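The values are calculated or read from the model by the stated rules, or taken from the named source; none is laboratory data. Note that the coordinates shown come from a computational prediction; the quantities given were computed from them, not determined experimentally. Quick reminder, even Gly has a Cβ in these numbers, built from the backbone with ideal geometry, and neighbours come from all protein chains shown. With ligands, DNA and RNA removed, areas are computed over all heavy atoms of the protein, side chains included. Shrake-Rupley method; radii C 1.70, N 1.55, O 1.52, S 1.80 Å.
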Amino acid sequence: MQLPQVRMQSKLAKIQITQTPVQQTIKQPKAEQTIRQPHAEVTMQRIPSKMTIDQSKAWEDMNLKSAAKSISEAAQKGKEAVYKGMQRRVSQGEQLMKIENGGNPIASQGKQNGEKPMKQFNIGWIPSHFAVKTDYQPSELKINVQTHEPIIENKPNKPIINNQPGGVETSILQKESLDIDFANLKFKGIDFEMLI
């Protein structure tokens with residue numbers, strides 16, 4: 001069976017573009033610059049270091065005390081001895097008041113009051129550790145700097161620009177076209193048939 005056909009063949013248009021590039025040259029002359037730097041002013045102030053040595057505690061450890069210190073310590077020892085003696089007498093008085101409870105408080109108190117305690121002796125001319133106190137203040141250095149800003153003078157030079165503009169040209173490389181063809185196409189009349 002032959003079917004009627006309509007055949008179409010088309011071609012698209014093609015555009016041609018020709019471009020001329022831009023040509024540009026730039027020259028930049030160097031800027032002219034001068035710089036002057038004034039000297040900075042520096043002043044220095046120094047506070048010397050200071051060291052103090054306190055050896056009064058070492059002298060006291062060797063029993064070489066000042067008169068005021070010796071009197072103060074003797075007065076304190078005297079007060080302590082008085083309080084201790086009062087405490088002992090009160091305690092012994094209470095024991096004698098309760099003599100009926102037994103024991104022999106008179107003999108024990110006589111022995112206690114008659115014997116002197118053993119004296120403790122140690123080397124007295126060697127000071128204790130860290131008896132000498134030292135204090136050190138380090139030296140200080142104060143520096144004052146007065147700066148001056150630089151004096152800068154600039155003379156810029158404008159760039160030299162040469163510009164040749166480009167261009168774009170368009171043209172038709174191929175025109176569009178449309179071809180139409182018929183196949184197996186018949187025209188039927190009343191009494192005839194015709195192949196187109």
Check your understanding: Picking from Gln23, Trp59, Met44, whose Cα lies most toward the positive end of the charge dipole for the chain (charges on Cβ: Lys, Arg +1; Asp, Glu -1)?
Key -> Trp59
Revision key, fill the gap. If the label point sits 7 Å along Cα→Cβ of Gln24, residues of the range 161-182 with amide N under 18 Å come out as 161-168
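Keeping the other protein chains in place, figure out the carbon and sulfur percent of the accessible area of the chain, with a 1.4 Å probe.
56 percent
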Check your understanding: Just in the range 66-119: which trypsin sites (Lys or Arg not before Pro) are loop by DSSP and have at most 13 other Cβ atoms within 10 Å?
Key -> Lys98, Lys119
Revision key, fill the gap. From the Cα centre of the range 120-181 to that of the range 6-58, the distance in Å is 9 Å
**Study point:** Zone of Ile143's modelled label, taken as backbone nitrogen in the range 33-64 under 16 Å from a point 7 Å along Cα→Cβ
**Key:** 40-47
Check your understanding: Which lysines have a Cα lying under 28 Å from the Cα of Lys14, excluding residues fewer than 8 positions away in the same chain?
Key -> Lys175
Check your understanding: Using unit Cβ charges (K, R positive; D, E negative) and no other charged atoms, how large, in debye to the nearest 20, is the dipole of the range 1-111 about its Cα centre?
Key -> 820 debye
Study note, to complete from the structure: Result for the chain: accessible area per residue, probe 1.4 angstrom, in square angstrom, of 95 Å²
Practice item. Show which lysines lie in cross-link reach of Lys158 when reach means a straight Cα distance below 27 angstrom and same-chain residues fewer than eight apart are skipped. Key: Lys27, Lys30
Review point. Tell me which lysines have Cα within less than 27 Å of Lys84's Cα, excluding those fewer than 8 residues away on the same chain?
Key: Lys65, Lys69, Lys98, Lys111, Lys116, Lys119
Check your understanding: Which residues make up the longest stretch of the chain that has no chymotrypsin sites (Phe, Trp or Tyr not before Pro) in a DSSP loop with at most 16 other Cβ atoms within 10 Å?
Key -> 1-120
Revision key, fill the gap. Answer in debye to the nearest 20: the dipole magnitude of the chain about its Cα centre, from +1 Lys/Arg and -1 Asp/Glu charges placed on Cβ, is 1180 debye
Exercise for review: Take the Cα gyration tensor of the range 32-91, multiply each eigenvalue by 5, square-root it, and list the three semi-axes largest first, rounded to whole angstrom.
Suggested key: 70, 15, 8
Revision key, fill the gap. For the chain, the charge dipole (Cβ of Lys, Arg +1; Cβ of Asp, Glu -1; about the Cα centre) points to a positive end, and the Cα of Ala74, Leu12, Tyr136 closest to that extreme belongs to Ala74
**Study point:** For the chain, the longest site-free run once GluC sites (Glu not before Pro) in DSSP loop states with at most 12 other Cβ atoms within 10 Å are removed
**Key:** 1-114
Study note, to complete from the structure: Per residue, the convex hull enclosing the alpha carbons of the chain has a volume in Å³ of 745 Å³
